[in-house]
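A short write-up of the structure that comes next.
Any read-out appearing in this document is the output of simple, stated calculations on the displayed coordinates, not a laboratory observation. Here the structure is a predicted model, which means the values were calculated and not measured. Note: ideal-geometry Cβ built from the backbone for every residue, glycine included; neighbour counts use all protein chains shown.
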Amino acid sequence: MKSFKINAALFAVVLGLGAAFAFKAPEPKINYTQSWFSYTGSGDPTDPANYVKDSGVPSCSGTANICAILAADNSGSPDITPALANEINADLHSHTPSTDVKLRN
């Protein structure tokens, strides 16, 4: 009978833990607005500290260097996600601008 009580208590604990993790509350979505950020021209182009927020769409021409990026506005700095960082690097390598990355000479 003692073994049954221990097994029942252990089962209840495992069941309780499983239920606690199975019904995780959804994380709140942060709704950032998209803004253009101009590259300062120095430093890592995937570092948010190297950008300043633009009031509109920047005028960029060329294909050699980063000019500006379109990113979520995170309190005045661009939210450079891993996907956007990959896009920046790919565009620099291919010398081809994309929807979210503008280049200049």
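Give, as a single signed number, the net charge of other residues whose beta carbon lies under 13 Å from the beta carbon of residue 99, with Lys and Arg counted +1 and Asp and Glu -1. Walk me through the intermediate numbers first.
Numbers: positive: 102; negative: 87, 91, 100.
Local net charge: -2.
Between residue 95 and residue 34, 0.36 nm times their residue separation minus their Cα-Cα distance comes to what?
Details: separation 61, 0.36 × 61 = 21.96 nm, distance 2.35 nm.
This chain segment gains 19.6 nm when fully extended.
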